[in-house]
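Since the structure comes first, as structure tokens, the remarks are kept for the end.
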């Protein structure tokens, strides 16, 4: 396992390390690094986490496609649709976490918590979307999913595979702690989005050719 003595904050420093970077750090050390970092970092139970590699064409096309489709479907003033730089607040049950999703949907008044100074994270997303890449697949589906489900306001999580036409939809059941998992892989299949309408897989994936 790679031993890292100093938190890399510049692109040049980051390039000296493995594609997947995990290094122990306190919450305060993470916040210090977050202000200075030239690349995206997240925080997971006592570790700074970073996945190196330039975003693939397929990943970025899917992110753009789903944001556009959600804007069309949820085109009401009560919804806010945001991209990946928005910080998410995970309720603290002993371990602190700091994540960014590829797409965040909020409804009504945006609620925030202060991390430090002017640094804030949103508390009340109702829909999160992650576009899965080979390098982040396990982290997104295991660690982040487990933490996302702690967010009380969250009603749905979508995982879009960037290497094949496949979508996983997790929806909260009756507002409780039970989640329904549905998997979609056919172009004609439709995914219910927040009871506001449906998106077909062929709509989501029309920007890609497999």
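To the nearest 10 degrees, how steeply does helix 27-36 sit against the main Cα axis of the chain, on a 0 to 90 scale?
The angle comes out at about 80 degrees.
Along Cα→Cβ, 7 Å out, is where each label goes; now give me the distance between the ones at residue 45 and residue 60 in nm to one decimal.
3.3 nm
Rounded to the nearest 10 degrees, what's the angle between the helix 57-73 long axis and the longest principal axis of the chain, both from Cα atoms, 0 to 90?
Its long axis makes an angle of about 50 degrees.
Quote to one decimal, in nm, the extra length available between residue 200 and residue 177 on full extension: 0.36 nm per residue of separation minus the C-alpha distance between them.
Using 0.36 nm per residue and subtracting the Cα-Cα distance, I get 5.6 nm.
Taking a ≥ b ≥ c as the square roots of the eigenvalues of the Cα gyration tensor of the range 29-106, is the shape rounded (a/c under 1.5), prolate (a/b larger than b/c) or oblate?
Oblate, since a/c reaches 1.5 and b/c is not below a/b.
To the nearest 0.05, how large is the calculated FRET efficiency for residue 29 and residue 109 if R₀ is 35 Å and r is the Cβ-Cβ distance?
Working: r = 32 Å, r/R0 = 0.93.
After rounding, the FRET efficiency stands at 0.60.
Kirkwood hydrodynamic radius (Cα pairs, Å) of the range 141-210?
13.0 Å
Determine, at each q value in 0.08, 0.09, 0.13, 0.15 (inverse angstroms), the log₁₀ of I(q)/I(0) that the Debye formula gives when each Cα of the chain is one equal point scatterer.
The Debye formula, applied to the Cα set alone, gives -0.28, -0.36, -0.76, -1.00.
Rank 17, 97, 89 by mean-square fluctuation in a GNM of the chain with C-alpha springs under 10 angstrom and give only the top-ranked residue.
17
Taking 0.36 nm per residue of separation and subtracting the Cα-Cα distance, what length does fully extending residue 95 through residue 38 add?
Net length gain for the segment: 18.0 nm.
Using a Gaussian network model on the chain with a 10 Å cutoff between Cα atoms, which of 12, 189, 42 fluctuates the most?
In this elastic network of the chain, the residue with the biggest mean-square fluctuation among 12, 189, 42 is 12.
Using only the Cα atoms, work out Rg/Rh for the range 11-51, with Rh taken as the Kirkwood radius, to two decimals.
0.93
Of the candidates 84, 169, 135, which one comes out as most mobile in a Gaussian network treatment of the chain with C-alpha springs shorter than 10 Å?
Result for the chain, Cα springs under 10 Å: 135 fluctuates most.
Apply 1/(1 + (r/R0)^6) to the Cβ-Cβ distance of residue 146 and residue 190, taking R0 = 22 Å, and write down the FRET efficiency to the nearest 0.05.
About 0.20, to the nearest 0.05.
Quick check: Cα centre of the range 105-173 to Cα centre of the range 54-104, how many Å?
What the calculation gives is 7 Å, centre to centre.
Only helical DSSP H runs with n ≥ 4 go in: add -39500 (n - 2.57) per run for the chain, normalise by residue count and round the 222 nm mean residue ellipticity to 500 deg cm²/dmol.
Mean residue ellipticity at 222 nm (helix-derived): -5000 deg cm²/dmol.
Run the numbers for residue 13 and residue 207: contour at 0.36 nm per residue of separation, minus the present Cα-Cα distance, in nm.
Working: separation 194, 0.36 × 194 = 69.84 nm, distance 3.45 nm.
Stretched out fully, the residue 13 to residue 207 stretch lengthens by 66.4 nm.
Read the figures in this text as sums done on the coordinates, not as results from a lab. Note that the coordinates shown come from a computational prediction; the quantities given were computed from them, not determined experimentally. So basically every Cβ, Gly included, is an ideal-geometry build from the backbone, and we count neighbours across all protein chains shown.
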